[in-house]
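Report on one structure; see the data block that follows.
None of the figures in this text is laboratory data; all of them are computed from the coordinates on show. Note that the structure is a prediction, hence the values are computed from the model and not measured. Cβ atoms come from the backbone with ideal geometry, glycine included; neighbour counts cover every protein chain shown.
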């Protein structure tokens, strides 16, 4: 394993602007705290482990470990650069806007702008409203939410009158 190259760290931090709930139009400082960092520039990943906490403009992601997969565009014909996938595992909590998600695993595909929550079971809380299922998939582009169930975990929704609900649609002010 190699130490994370400094020049890639700045690119990675800039790409982290795409964390769920923070939107790319708003700029701000990113903070990453963890007990340990392992990276592999050839494997194109950085693994933060132990009490991981990533913050940006009021949005917070905490987990036991977070692996960031990035692309550098160095392969022939490859025009992609930057962070492509965020995988958080173990006691995953995401807090953004007025929402809080909890799960054992969260995978954020930045290309598709889709967050998939599994294990725990996953839960989304917005005010007093709650949403639980076997798997929760949130499309950050469209705001759509898909919740699956199985014999061990059915879809459960609690809606409280007067609460805002579970909208994940992008802010209309964001270009």
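Once R0 is set to 22 Å, what does the formula 1/(1 + (r/R0)^6) return for the Cβ-Cβ distance between residue 160 and residue 139, expressed as a FRET efficiency to the nearest 0.05?
Details: r = 24 Å, r/R0 = 1.09.
So, using R0 = 22 Å, E works out to roughly 0.35.
Based only on other Cβ atoms within 10 Å, what is the fewest-to-most ordering of 99, 158? Don't skip to the answer; put the middle values down first.
Working: 99 21, 158 11.
With the sparsest Cβ surroundings first, the list reads 158, 99.
What ranking of 135, 38 emerges when the number of other C-beta atoms within 10 Å of each C-beta is taken as an exposure proxy, fewest first? Provide the component values of the computation, followed by the final result.
Numbers: 135 19, 38 15.
Listed from fewest to most nearby Cβ atoms, that is 38, 135.
Taking a ≥ b ≥ c as the square roots of the eigenvalues of the Cα gyration tensor of the range 105-168, is the shape rounded (a/c under 1.5), prolate (a/b larger than b/c) or oblate? Write down the numbers at each step before the final one.
Values: a/c = 2.22, a/b = 1.14, b/c = 1.96.
Note, shape of the range 105-168 comes out oblate.
Would you mind computing, in nm to one decimal, how far apart the modelled labels at residue 148 and residue 41 are, each placed 7 Å from Cα along Cα→Cβ?
Computed distance between label sites residue 148 and residue 41 equals 3.9 nm.
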